[in-house]
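Note sheet for the following structure.
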Amino acid sequence: MATVEGAGYVGVRHAGKAGMHAIIDSSLLVFFDEALMQKASCMIDLQSLLPRDKYDLDSIPLIVKAGYPAIAPILDELLDWTADGNWPVARPLADFFVTLGPPLIDPISQVLQGTDGTQKWHCINLIVQRLPTDILRGLEKDLRRLADYPSDDDRREEVDVEAREILLRLEPVQT
């Protein structure tokens, strides 16, 4: 059994069964499971990966390093940082997103089904237009709806025009 002392407590390793730890304070004995603590710590760390503001370029390499599937729980929140292509974090995040493949389909679909025409336009121009055809097929229904039945906001932002352009890539090649 190993002990670690400091800050008013002694940590005791392998207290009872494998993976269990105990923290002993002058008036308190707390047992905890190491695997559970690691999961909780991952959740906290994921939230810390989110950009603090639109200028937080330092967060991008950390997000990329964490990679997928580690960032899966915060993918929707990360995608929100591409809502305006003028934000400094938007383009580097978009560069990362286009490498993710199929996991990106549902979060992008949610954006395309939303009500913010500006966000849809930026999503299409920063990310969707750069996706390979097999991934675009997973977004085809949303793109067709935008092309054929755009909202007034979508029309104002020319989301319908952008969607039609991308749908051309999905048409069979004429020989």
_Residue, nearest to the chain's Cα centre (by Cα), within region 65-75, restricted to residues that are touching a residue at least 24 places away in the same chain (Cβ under 8 Å) and open to solvent by 70 Å² or more (accessible area, probe 1.4 Å)_ = P73
*Can you tell me which residues in region 131-147 are within 12 Å of L170 (Cα to Cα), open to solvent by 50 Å² or more (accessible area, probe 1.4 Å), of a type outside the set (D, E) and outside any loop (DSSP other than H, G, I, E, B)?*
T133, R137, K141, R144
*Filter region 89-130 for residues that are open to solvent by 50 Å² or more (accessible area, probe 1.4 Å) and either assigned to a loop (DSSP other than H, G, I, E, B) or among the aromatic types (F, W, Y) (or both); which is farthest from D53 (Cα to Cα)?*
Q113
*In this structure, does E140 turn out to be farther than 25 Å from T99 by Cα and modelled with pLDDT of 95 or more?*
no
*Might you let me know whether region 129-137 holds any residue that is at pLDDT 95 or above, under 19 Å from the mean Cα position of the chain (by Cα), among the β-branched types (V, I, T) and farther than 24 Å from N86 by Cα?*
yes
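The values are calculated or read from the model by the stated rules, or taken from the named source; none is laboratory data. The structure presented is a predicted model; accordingly, all values stated were derived computationally and were not measured. Here Cβ is always computed from backbone atoms with ideal geometry, including for glycine, and neighbour counts include all displayed protein chains. What goes into the accessible areas is simple: the full protein's heavy atoms, side chains included, and nothing from ligands, DNA or RNA. Shrake-Rupley method; radii C 1.70, N 1.55, O 1.52, S 1.80 Å.
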